[in-house]
Amino acid sequence: MSKHQEVFRRYLLLLGLLLVGFVIGGMHSQTVIKAAGNPLVYTGTKPNTNVPTYNNLTHELYFSVTGKDGTTANSNYAALSGSGDQNDSVIESQTYQSVVEHFKATNISDKAVFVNEIISLPRYYGNTSNVVYAGDDVPKIVTHYNSSNQSVSDVDISYMYLNGNTSDLQDLYEYRVMGTLQPGDSIEVNTPLKVLPRTNNSIDGMQVSDFSNQRTADGQGWNTQEFGLLAHFGKYVSPLDYWNPENQNVFIATIDDSDGLPILAKDVQDLMPIISRNLDAFTYSNIRGETIPAGGAAYTGSTVTIHLAKLKGLDGQTPLTDELHNEGYAYNILPDGTEQPTYTFTLGTGGSIFGDNGAIIMNETKYNGRTLGDAYLYMHKLIDAKNETYPVSSKTTWDPNAYKDVQFYDINGKKIDKPANASYTVQKIDANGTATKVANNEVDMTKDGVYQVTYIYPVTGSVTVKKTITITVGKGNPTPVVPGGGGSSSTPTTPATTPSNNSNFSNGTKNTTEPAVPNYAAKEGAAVYATKKIYLYKNATFKKAQRIATYPKAKRVNRPMFVVTDYARSKGGVLRYKVRDVNHGSKTAGKVGYITANRKYVVPVYYASMPKDKKITVISKKGVNAYRNVNLTKKVKHYKKGAHVKVKKIVKHNLTSRYVLSNGDYITGNKKLIIQGND
């Protein structure tokens with residue numbers, strides 16, 4: 001490896017390998033030249049116009065960009081690593097027409113200088129870059145002479161190609177200029193670039209360098225300085241909707257489901273504040289090294305950072321962190337036991353926020369009448385507990401029931417037994433809603449009453465979460481009471497016992513007159529999808545006028561999916577599923593109603609049997625992962641779409657299924673992600 005290659009590698013490490021390919025097709029991004037009044041080339045809050053010098057030479061390395069309207073603009077200049085000068089830029093992906101890489105060296109001394117410069121093109125860094133040399137012939141040197149010179153500059157140029165392929169100019173990845181440059185003279189090389197089209201319309205970022213070599217004092221070697229230059233393409237976004245103070249969109253609370261996919265954390269979604277009232281918690285960066293407060297324009301590919309400690313709850317004062325902790329939740333917990341201080345996302349298609357895995361989380365859907373915004377907060381559920389109702393009994397001790405229906409989780413989302421350091425406190429709520437601490441934290445089971453029980457779970461030395469529920473004994477208090485801080489917004493003090501016409505359950509109490517459910521029916525809480533066109537109805541007796549939504553027949557990977565929340569029967573006795581629409585990102589997401597339970601139209605999402613040939617095929621565009629654990633944690637391998645995987649058995653996990661691989665790892669049994677056999 002040559003010396004300049006070693007220097008280049010070190011430079012990459014310092015830059016953090018910032019070149020990222022950004023999807024531009026259909027994106028929101030940053031710079032419409034005249035219409036939006038923004039630059040064709042974004043050079044940051046502190047543009048770099050400093051031309052670096054070394055070996056008595058000035059070194060001008062930059063990109064020029066011509067827009068579709070004929071306007072031109074230049075990038076920042078290349079800079080020496082560690083200089084503090086900005087060497088990154090953004091090229092507006094929708095309005096640019098052409099890009100040229102420019103190099104110019106000028107002798108600023110009064111003596112001749114021996115020039116030895118190696119200039120890289122985008123394919124030097126990545127040999128698969130789709131930004132390539134666009135000339136019909138090799139680039140040439142243009143020499144600018146100082147008229148007072150008595151001697152003539154003599155500088156030659158040579159070329160390097162990928163794998164020595166001199167027949168394809170697109171494989172040109174660097175050139176060298178070498179020779180004697182007289183005082184005041186300049187040499188210049190201009191290399192036009194072009195973008196090779198891709199099916200996903202992405203353009204790779206560009207990183208190029210000028211490796212300047214100067215003879216050592218003993219004349220036996222070379223000292224090298226590198227001047228690096230970066231640029232990437234992005235589409236202009238101005239301004240993001242959620243930066244508009246008039247916008248009422250709220251943050252999205254998400255947790256991982258059993259397949260490791262983000263879903264709405266409904267327990268705490270109602271706590272999520274309006275995004276535009278928390279703008280001081282946002283910063284973003286269009287290019288390396290800059291931090292800009294929310295409110296300005298941005299480009300796709302830019303990073304958006306949410307500083308979690310600055311987020312305030314619905315009252316605008318209480319830290320959202322505290323409110324989440326009081327509901328048994330926490331943000332992502334780091335190995336040192338602290339909560340992650342920031343979430344950083346990439347600004348992507350349609351203004352949606354992408355997670356680290358590149359998947360759109362959610363965008364512009366509603367929950368409980370509020371519009372979900374374009375920023376999500378990933379969190380962990382650490383305690384799960386529900387309000388409870390007990391009959392009056394002769395037993396005076398409630399303690400054996402204290403943790404009966406409480407579920408604890410570790411920081412990886414795995415269910416665990418009650419931690420040794422977990423505890424609870426009890427308060428009695430009187431008819432006026434006044435809370436009084438109970439001696440010995442006991443619930444009196446011998447007479448009617450209402451209590452609040454708060455479970456306390458020190459997860460780490462830095463994070464403690466709580467969960468408060470309401471315990472109703474017998475008829476509760478003499479008059480209805482809505483205790484504050486409970487596990488739900490309101491709590492009936494007398495349990496209902498009247499059966500519902502359309503449900504087997506009434507206010508959480510199982511009816512004794514429930515109709516029999518056939519064995520083929522999906523279990524409550526299980527996911528189903530439609531294989532043919534179906535409708536979502538308001539009631540269990542289907543009427544055309546009461547259709548809530550229509551779901552056309554779709555390809556397997558796009559079939560509409562629902563979670564069964566209950567059963568009902570029509571007036572004619574036909575079984576129906578009461579469901580919730582879980583098609584995230586669709587206009588129908590979150591809707592609740594009734595669908596047919598006919599197996600010709602609706603079937604479980606998860607497989608319940610082994611394939612005959614003991615093989616499955618991945619059909620998800622994004623592929624699927626194999627995991628060490630049955631709850632799909634500890635990822636061990638990724639399988640791309642079309643991969644054929646051998647399986648040895650199928651196992652149930654809660655209301656889902658997993659296929660077990662020959663090595664004991666687990667893969668999802670979701671029919672939208674995989675299919676039995678060699679498809």
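The values are calculated or read from the model by the stated rules, or taken from the named source; none is laboratory data. Quick caveat: nothing in here was measured; it's all calculated off a predicted structure. Note that each Cβ is placed from the backbone with ideal geometry, even for glycine, and that neighbours are counted across all protein chains shown.
Quick notes on this one:
- So S609, is it assigned to a loop (DSSP other than H, G, I, E, B), of a type in the set (S, T, N, Q) and over 22 Å from K523 (Cα atoms): no
- Residue within the range 136-143 that is under 15 Å from V113 (Cα atoms) and of a type outside the set (S, T, N, Q) present: no
- Lone unmet requirement of (1) crowded, with 23+ Cβ neighbours inside 10 Å; (2) at pLDDT below 90 for A231: (2)
- Cβ separations smaller than 7 Å between residues 6+ apart or across chains give the following pairs from the range 574-587 residues that are assigned by TED's automatic domain parsing to the domain that holds A530 and acidic (D, E) to residues that are modelled with pLDDT under 90 and not in a strand (DSSP E or B): D581/T588; D581/A589; D581/G590; D581/K591.
- Condition met for N190 (in the same structural domain as S148 (by TED's automatic domain parsing) and either in contact with a His (Cβ under 9 Å, 6 or more places away or on another chain) or in a strand (DSSP E or B) (or both)): yes
- Verdict on V177 being β-branched (V, I, T), under 50 Å from the mean Cα position of the chain (by Cα) and under 19 Å from T53 (Cα atoms): yes
- Out of Y124, Y145, Y133, one residue alone is aromatic (F, W, Y) and within 11 Å of V208 (Cβ to Cβ). It is Y124.
- Restricted to strands (runs of 3 or more DSSP E) entirely inside the range 613-679, those with at least 2 residues that are more than 22 Å from the chain's Cα centre (by Cα) and farther than 30 Å from N200 by Cβ are 644-653, 656-661.
- Strands (runs of 3 or more DSSP E) enclosed by the range 60-128 - at least 3 residues per element that are modelled with pLDDT of 95 or more and of a type in the set (V, I, T): 96-107, 113-120
- Condition met for N223 (assigned to a strand (DSSP E or B), surrounded by 12 or more Cβ atoms within 10 Å (Cβ to Cβ) and not acidic (D, E)): yes
- The one condition in (1) more than 30 Å from I619 (Cα to Cα); (2) touching a strand residue (DSSP E or B) at 6+ places or on another chain (Cβ under 9 Å) that K587 fails to fulfil: (1)
- Residue pairs whose Cβ atoms lie under 6 Å apart, separated by 6 or more positions or on different chains, with the first residue in the range 533-546 and touching a residue at least 12 places away in the same chain (Cβ under 8 Å) and the second part of a loop (DSSP other than H, G, I, E, B) and of a type in the set (F, W, Y), are I534/Y601.
- Strands (runs of 3 or more DSSP E) (entirely within the range 320-430) containing at least 3 residues that are at pLDDT 90 or above: 329-331, 370-381, 407-409, 423-429
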